[in-house]
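Beneath this line is the structure, given in structure tokens, with notes to follow.
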Amino acid sequence: MQLLETLLPSTCVACRKVGRTICDNCLSELEAQPRSVDRGIKGWSAIDYSKTATSAINAFKEHGRTALLGEFCKLLDTISLPENAILVGLPSSATATRKRGFVPAEILADRLARRRSVRSAHALVFSRKIADQALLSREQRETNLAGSMLAKPLSGPVVLVDDVVTTGASMREAARAMAVAGNQVTGFITIAETILKTDAEPKK
Ligand SMILES: [Zn+2]
């Protein structure tokens, strides 16, 4: 993935201008505005889910544009982490993982952990099949995920990591699974925060 990015001429993931993975103009729209977020579990998000943010996050998740990880980590640098934190990325469905070949939240957590000199762990998995959250209403998301995750025991305060928080259903399920495994979750961090606009038009 990274090799291809260095060989092929790049276009901006948001405006398609030839040059860098994300051009300066689009990058300036991703200004960190860290805010605390409460979704029944507390956490922090670095930016709003704008059109540019959507393009950048999708390019990373769906098209393997891992060159964006550095920019995402810079945005997340505005959020402080507990000392000795263990960063744990949220799992993806088996279908998504097969399609992408990687778990986006886990590689984001790994990269950020290296940068911030804390640990990361791949410690969450889905124990059963789940539907794509993006297609579901608030209530369906809750049911879809309830009791769906399994966690490994870790030693240290866990910070959950994901690209975007919407209803927080995934974060709450991850925290539940973590608690069952005896882990202490101190909260979560995400690149972006968004809200489910209406239950009829769910957006991830
Ligand atoms: Zn651009």
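The values are calculated or read from the model by the stated rules, or taken from the named source; none is laboratory data. Since the model is a prediction, treat every value here as computed from it, not as a measurement. Here the Cβ positions follow ideal geometry from the backbone for every residue, glycine too, while neighbour counts run over all protein chains shown.
Looking across region 156-182, the residues that are assigned to a loop (DSSP other than H, G, I, E, B) and without any contact (Cβ under 8 Å) to a residue 60 or more places away in the chain come down to 166, 181, 182. Would you call residue 99 farther than 20 Å from residue 172 by Cβ, modelled with pLDDT of 95 or more and among the charged types (D, E, K, R)? For residue 99, the condition - farther than 20 Å from residue 172 by Cβ, modelled with pLDDT of 95 or more and among the charged types (D, E, K, R) - is not met.
Scanning region 31-58 for residues that are in contact with a Ser or Thr (Cβ under 6 Å, 6 or more places away or on another chain) and without any contact (Cβ under 8 Å) to a residue 60 or more places away in the chain, we see that the one that is surrounded by the fewest Cβ atoms within 10 Å (Cβ to Cβ) is 32. Filter region 12-28 down to residues that are in a helix (DSSP H, G or I) and surrounded by fewer than 15 Cβ atoms within 10 Å (Cβ to Cβ) and give me whichever is nearest to the ligand (Cβ to nearest atom). Across region 12-28, the extreme among qualifying residues is 25. Would you confirm whether or not region 43-50 contains a residue that is under 22 Å from residue 122 (Cα atoms) and not in a strand (DSSP E or B)? Scanning region 43-50, I find no residue that is under 22 Å from residue 122 (Cα atoms) and not in a strand (DSSP E or B), so the answer is no. When residue 111 is tested against (1) buried (at least 16 other Cβ atoms within 10 Å of the Cβ); (2) without any contact (Cβ under 8 Å) to a residue 60 or more places away in the chain; (3) closer than 20 Å to residue 150 by Cβ; (4) not hydrophobic (A, V, I, L, M, F, W, C), exactly one condition is not met: (3). Among the candidates 50, 92, the residue that is of a type outside the set (Lys, Arg) and away from the ligand (no atom under 15 Å from the Cβ) is uniquely 92. The residues on offer are 156, 187, 147, and the sole one that is on the phi > 0 side of the Ramachandran plot and either among the hydrophobic types (A, V, I, L, M, F, W, C) or out of contact with any strand residue (DSSP E or B) (no Cβ under 6 Å at 6 or more places or on another chain) (or both) is 147. Only a single criterion out of (1) surrounded by fewer than 18 Cβ atoms within 10 Å (Cβ to Cβ); (2) away from the ligand (no atom under 16 Å from the Cβ); (3) in a loop (DSSP other than H, G, I, E, B) is not satisfied by residue 62, namely (3). Checked against the criterion of being surrounded by 22 or more Cβ atoms within 10 Å (Cβ to Cβ) and within 25 Å of residue 51 (Cα to Cα), the candidates 134, 192, 174 yield just one match: 192. Filter region 118-142 for residues that are modelled with pLDDT under 95, touching a helix residue (DSSP H, G or I) at 6+ places or on another chain (Cβ under 9 Å) and not in a loop (DSSP other than H, G, I, E, B) and give the result. Listed by number, the residues that qualify are 133, 138, 140, 141, 142. When region 65-85 is limited to residues that are of a type outside the set (S, T, N, Q) and touching a strand residue (DSSP E or B) at 6+ places or on another chain (Cβ under 8 Å), the one that is surrounded by the fewest Cβ atoms within 10 Å (Cβ to Cβ) turns out to be 82.
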